[in-house]
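**Student:** Here it is, the structure in full.
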Amino acid sequence: MKKLAVVLLVLAAVVLPIFANGDDEKAAAPASEKSYVQQVIEQAQKMTFEELAKKAIEESNGKKLYGVGNSSRGKSALPLFIAYLQGIDASYKLDFDWQQPKNNKIFDQLTANSLKSEGTFAVTLIQDGNQIESKMVQTGILDTFIPLEWAKANGTTAEAYTGYLPLQTLNKVFEYNCTGSKTYDNCWDFVLPGEHGQFMDIDSEIVGKNFLYMLTAPKYAAWLASAFEALSADEKAALQPTIDAVASDAKDLGLDANGKYSLAWIKLWVESYNAVSDDGPICNNLVQASATDQFGLLVYSKLRSVQESASVSKNNIKIAAYQDGYKGIGGYGYCHYMFVPDNSPLPWTACAFIAYITEFVDGFSAWGKDIGGYSSNPQLAADNEAKYNHSTGGDTAEGGPFPALNDRGYDWWVSAEGGQLVLEDPEYCASVAFTVGSWIEMLTKYSGK
Amino acid sequence: MNGNALAASRGTLLWNRFKTFLSKPYNVILLLLGILVTFTTIAPIIAIVRDTLMIHAGTIDAHLTKRTSGFTFVNYIDLFTSRLAKTNLWTPLLNTVLLAVGTCIVSILFGGIVAFLVTRTNMAWRKYISSIFIFPYIMPQWTLAVVWQNLFNSNKITGTADGLLASLFGINMPIWWCKGLFPSLVVLGLHYAPFAYILIGGIFKNMDANLEEAATILDTPKHKIMFRITLPMIKPAILSTVLLVFGSAMGSYPVPHYLGLSTLSTRYFEMNAKYTGEASILAIIMMLFGVAIMLLNQISLTSRKNYTTVTGKSGQISKINLGKAGKYVIAVILVVVTFFTSIFPIISFAFETFLPNPGDYSFLYTGDASNLTTKWWLTKENITENGMYGQQGMLFNPMIWRAFGGTLLVAIACSMFAGTIGTLIGYAVSKNRRSKWANYVNSMAFLPYLMPSVAVGVAFFVLFSGEKLNLYNTYTILIIVGTVKYIPFASRSALNSMLQLSGEIEEAAIIQNIPWFKRMTRIIIPIQKTSIISGYLLPFMTCLRELSLFMLLCVQGFILSTTLDYFDEMGLYAFSSGINLILIVTILIFNTLVNKATGASLDSGIGG
């Protein structure tokens, strides 16, 4: 009995402190009581960059800034930002540390950070609108800052703008190895029987799942339906049974009349794609001469880093959407968003950094030097193109020409007449995550021939 | 009045007993370390149980309960009863068990046979084979998985670029060979075979051959000798191997991840974003297996609780004569096999760091040296576009060298803490073998080792992600977790060696009034230094290439294994291969230094 009591006491001593703060997770601040960071943001949104820069210098001179992001390039952008501030005040010094967690850990990291009264992270660059909406914004963990010049360039104001602040849109596009004679001239070709595209697994990179969610939105369902109509009779016959089989599911999920095309494409894709750990290996596979007739859906910019050799070439690749007569979606786009944590230790500096990378070509250069990443600031996007000439970069590249590298730009990619890029909408994704999302999870993924 | 006097005397009696208890250093050690290991083992478990009951914003529990905070059982209900139960739970669970069992079988068969050949036969080149055999354990486990892919993948079957076998010889291996359970258990089996080799080899090396010889004289058939005498004698070593390998294989994340097998640990990562609480239940299930293994082991070894056992002291070891040709034929076979498990990966890593693109073997087809490059090592900047994905060469890459420093820091600190705590536990337990508290401390210290690494990592992540204690991405959390996980290396090693030490030696010193500290540093430790140093060496080497345990607790660039994994996932195989080389060289240097200085090494001279 005594022993039992001792055991219970020991357990209680260990358990109680752990459960003690069970229900007091950080709650969103009431709308009427703005946090310090929100107050800073409110003022910062009315300031020019020069005014913001002065505030940042006052706040962070001699300190250390911690950033966390899905892109490692925040690390490249920060030194340029510091150099800019040093142009205003030569004595300015800022140490920094930029972390890039993998395996979706950025959300856990930011959630854990939010529990502190003053957080570690000053700023974040984050992707996956769906999780941002449900885990970060609705919970009050992250705050949006809209820079004045960015708003002007987009013809809006901070007060009128309701979305998050995208730094850039990235695209993942259908690419295929062209060393054989096979061609892919319709997005349904990628899900025909026997086809197995290479793709990052939707459970390891969640933006891939968001792409599938977005396909069920009326706009993109219509694009899929239209592409289906352009198929040959034989191809239609091969796909029609699947479309018919999911028609009732589409109705149950509340999708529109074209929803069955979306579900059919999703089902065929999930049940056929070949999961690869990252876009880098997909690119490395596809550019090899031996990868005849293979294709993948991958980050466009990966192609840029391929080095020509006897068996590897950027000319072994074709971008499906660039080929004459191609019908249907050419890939999908997702955003890198900028946020200030609600307990940011350096909110002025965070705002200034965000303004710098969304308003200046140099600030955006860490991302802007690559194809396949498009600034959300139209003026900056134009300036960036003037500097880097991505639209013709493949023609002039050393060892070229490489037609696949000629980036046709954001406007072309998102247009119905152009690349038909499927764009992520955080709110839509969050609204179907447990309807369409659960339906997708019931599908059996491809596991090899 | 009388009652008060009685109470006072009872109190005095208790106090005196307490003082007597504390007068023995090993009791103090047991008390303090017992409290410590109770907290470090139980607290993370409770934290993760709590996580399974919590509602997480933006996940399935919030969706099903329509709440954003509080507690619920909905995660349990949904995981076990929803339409996704098969995908999320039952299939990964079955695969995990099959993987763990298969890994045990492969490692015991492979490690045991090699141990037998090295210790009990006159096979040629035994010393070389003994040294080279432990290489797969030195390397991070998933490097063999990457080598497997590079060898056997093919455009036709796996839908990737051709691996070496397909590109050079046109051989396309079937899918079951390339992906899934079979390659996963072979790779993990090869990785853990050195465990079996060291444990079984230890017994073979010291085993009294008289029993076998007696049976031979009595004309007992060879198979009967094997099954009735030899195997029962190595049974403790086999059980020890199962004990050590089962939990490790269960908790392996990278190997099944790379080879496309859905297990509890891979499913944990896949589910964590949307099914956070349910993913934590998977971690608990993995932990339960660890507890079950420990209980089974307690039952099967009630009479002797040695895990890394060396039995008997007989010097009579008869070596089986394999014949003039036989001893070379078998040795050649082993040299070839160990070439592919130990040497080929290193050559392949080194070669990979000179390829112009990851996996671009143009040089092999053309023989043209212009298809090789030193850019992955020597590039000093990351501004120019040169196919380096924005990275500097390895020799000048600050992220890699910072990670290298971090790895050394974590490995040395874990080795010191785990080694010291484990040695003290081993010592104190050996002095109190019949005490239930001692057995409790011993079991509690061993439990984290039996729990899958991923589950332990998850538990500590949850525990140290709070408002008051937030240690994510600090070396502190890595050192704490590494220490807790690797104490058993030292405690088991120390316990076994202390049990071999007669109590009279220390008693003689006590009579001479020699203080405890001096007894330890002048008598106990010097006598058993080889075993004790092994208790420091194993945590150090394991820490250097540990991934599953640390991957949830820090980002890449913090330590080498997470950096290596990052580059591997990104497909930058030149970097991951280069880091692998750095790790292997580091481990070999330390192993050699320790071996020269103290005589201790991983294979403990089995092949000697």
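Results for (1) β-branched (Val, Ile, Thr); (2) within 22 Å of residue A:340 (Cα to Cα); (3) assigned by TED's automatic domain parsing to the domain that holds residue A:341; (4) in contact with a strand residue (DSSP E or B) (Cβ under 7 Å, 6 or more places away or on another chain), shown as yes or no for each residue.
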residue: A:191; (1), (2), (3), (4): yes, no, no, no
residue: A:196; (1), (2), (3), (4): no, no, no, yes
residue: A:204; (1), (2), (3), (4): no, no, no, no
residue: A:215; (1), (2), (3), (4): no, no, no, yes
residue: A:218; (1), (2), (3), (4): no, no, no, no
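**Student:** Please determine, by comparing only the residues of the stretch A:111-145 that are aliphatic (A, V, I, L, M) and out of contact with any helix residue (DSSP H, G or I) (no Cβ under 8 Å at 6 or more places or on another chain), which one is surrounded by the fewest Cβ atoms within 10 Å (Cβ to Cβ).
**Tutor:** The residue in question is A:115.
**Student:** If you don't mind, another one. Anything in the stretch A:308-324 that is within 14 Å of chain B (Cβ to nearest Cβ) and β-branched (Val, Ile, Thr)? List them, or say none.
**Tutor:** Within the stretch A:308-324, A:312, A:317 meet the criteria.
**Student:** Here's something else I'd like to know. From B:214, B:193, B:237, grab the single residue that is in contact with a Ser or Thr (Cβ under 6 Å, 6 or more places away or on another chain) and more than 14 Å from chain A (Cβ to nearest Cβ).
**Tutor:** Every option except B:193 fails the conditions.
**Student:** When only residues in the stretch A:96-110 that are touching a residue at least 24 places away in the same chain (Cβ under 8 Å) and within 9 Å of chain B (Cβ to nearest Cβ) count, which is surrounded by the fewest Cβ atoms within 10 Å (Cβ to Cβ)?
**Tutor:** Ranking the qualifying residues of the stretch A:96-110, first place goes to A:103.
**Student:** Let me ask something additional. Every residue in the stretch B:554-573 that is in contact with a Gly (Cβ under 6 Å, 6 or more places away or on another chain) and either more than 8 Å from chain A (Cβ to nearest Cβ) or on the phi > 0 side of the Ramachandran plot (or both), please.
**Tutor:** B:558, B:559, B:563, B:571, listed by residue number.
Per-residue answers, yes or no, for (1) among the small types (Gly, Ala, Ser); (2) within 24 Å of residue A:329 (Cα to Cα); (3) more than 19 Å from the chain's Cα centre (by Cα); (4) surrounded by fewer than 22 Cβ atoms within 10 Å (Cβ to Cβ):
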| position | (1), (2), (3), (4) |
| --- | --- |
| A:344 | yes, no, yes, no |
| A:351 | no, no, yes, no |
| A:377 | no, no, no, no |
| A:431 | yes, yes, no, yes |
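**Student:** Then there is this: Do any helices (runs of 4 or more DSSP H) entirely within the stretch B:1-80 hold 1 or more residues that are touching a residue at least 12 places away in the same chain (Cβ under 8 Å) and more than 14 Å from chain A (Cβ to nearest Cβ), and if so, which?
**Tutor:** B:25-53
**Student:** When residue B:358 is evaluated against the numbered criteria (1) farther than 30 Å from residue B:195 by Cβ; (2) modelled with pLDDT of 90 or more; (3) of a type outside the set (S, T, N, Q), which criterion, by number, is the only one it fails?
**Tutor:** Just one mismatch for residue B:358, condition (2).
**Student:** Now for a separate question. Look through the stretch B:331-370, keep the residues that are surrounded by 13 or more Cβ atoms within 10 Å (Cβ to Cβ) and of a type in the set (Asp, Glu), and return whichever of them is farthest from residue B:114 (Cα to Cα).
**Tutor:** Here the answer is B:360.
**Student:** A further question follows. If I filter the stretch B:551-559 for residues that are modelled with pLDDT of 90 or more and assigned to a helix (DSSP H, G or I), do I get at least one hit?
**Tutor:** no
**Student:** At least 2 residues that are under 23 Å from residue B:36 (Cα atoms) in each: list the helices (runs of 4 or more DSSP H) lying fully within the stretch B:456-537 that qualify.
**Tutor:** B:475-499, B:516-519
**Student:** Tally time: how many residues in the stretch B:371-388 are of a type outside the set (A, V, I, L, M), more than 8 Å from chain A (Cβ to nearest Cβ) and within 25 Å of residue A:287 (Cβ to Cβ)? Walk me through it before giving the result.
**Tutor:** We begin by selecting, within the stretch B:371-388, every residue of a type outside the set (A, V, I, L, M); these are B:371, B:373-377, B:379-382, B:384-387.
When the remaining residues are screened for being more than 8 Å from chain A (Cβ to nearest Cβ), the result is B:374-377, B:379-381, B:384.
From what's left, within 25 Å of residue A:287 (Cβ to Cβ): B:374-377, B:379, B:381, B:384.
Of the residues in that region, 7 qualify.
**Student:** Please give the number of the condition residue A:183 fails out of (1) closer than 30 Å to residue A:287 by Cα; (2) modelled with pLDDT of 95 or more.
**Tutor:** (2)
**Student:** In this structure, is residue A:144 more than 9 Å from every other protein chain (Cβ to nearest Cβ), in contact with a Phe, Trp or Tyr (Cβ under 6 Å, 6 or more places away or on another chain) and among the β-branched types (Val, Ile, Thr)?
**Tutor:** Yes: the conditions hold for residue A:144.
**Student:** Find the helices (runs of 4 or more DSSP H) located wholly in the stretch A:210-280 whose residues include 1 or more that are within 14 Å of another protein chain (Cβ to nearest Cβ) and over 17 Å from residue A:423 (Cα atoms), and list them.
**Tutor:** Result: A:233-252, A:259-270.
**Student:** Among the residues of the stretch B:155-170, which ones are more than 7 Å from every other protein chain (Cβ to nearest Cβ) and in contact (Cβ under 8 Å) with a residue 12 or more places away in the chain? Spell out how you get there, then give the answer.
**Tutor:** Going through the stretch B:155-170, the residues more than 7 Å from every other protein chain (Cβ to nearest Cβ) turn out to be B:156, B:163-166, B:168-170.
Residues satisfying the conditions are B:156, B:163, B:164, B:165, B:166, B:168.
**Student:** Residue check, residue B:392 against (1) touching a residue at least 60 places away in the same chain (Cβ under 8 Å); (2) crowded, with 17+ Cβ neighbours inside 10 Å; (3) not hydrophobic (A, V, I, L, M, F, W, C), all met but one. Which one?
**Tutor:** That leaves (1) as the condition not met.
**Student:** How about the stretch A:284-329: which of its residues are touching a residue at least 40 places away in the same chain (Cβ under 8 Å), of a type in the set (Val, Ile, Thr) and assigned to a loop (DSSP other than H, G, I, E, B)?
**Tutor:** A:287, A:292, A:329 - these are the residues of the stretch A:284-329 that are touching a residue at least 40 places away in the same chain (Cβ under 8 Å), of a type in the set (Val, Ile, Thr) and assigned to a loop (DSSP other than H, G, I, E, B).
**Student:** When the residues of the stretch B:119-141 are filtered to those that are part of a loop (DSSP other than H, G, I, E, B) and over 16 Å from the mean Cα position of the chain (by Cα), which remaining residue is nearest to residue B:542 (Cα to Cα)? Even if it seems obvious, please write down each step before you answer.
**Tutor:** Quick first cut of the stretch B:119-141, residues part of a loop (DSSP other than H, G, I, E, B) only: B:122-125, B:134, B:139-140.
Filter once more, so that each one left must be over 16 Å from the mean Cα position of the chain (by Cα): B:122-125.
On the way: B:122: 32, B:123: 30, B:124: 30, B:125: 27 Å.
Per the criteria, the residue is B:125.
**Student:** Of the residues A:162, A:124, A:157, A:183, which is away from every other protein chain (no Cβ under 11 Å), of a type in the set (Val, Ile, Thr) and within 30 Å of residue A:235 (Cβ to Cβ)?
**Tutor:** Within the list A:162, A:124, A:157, A:183, the selection yields A:183.
The values are calculated or read from the model by the stated rules, or taken from the named source; none is laboratory data. All values derive from a computational prediction rather than experimental measurement. Ideal geometry is used to build each Cβ from the backbone, glycine not excepted, and the neighbour counts take in all protein chains shown.
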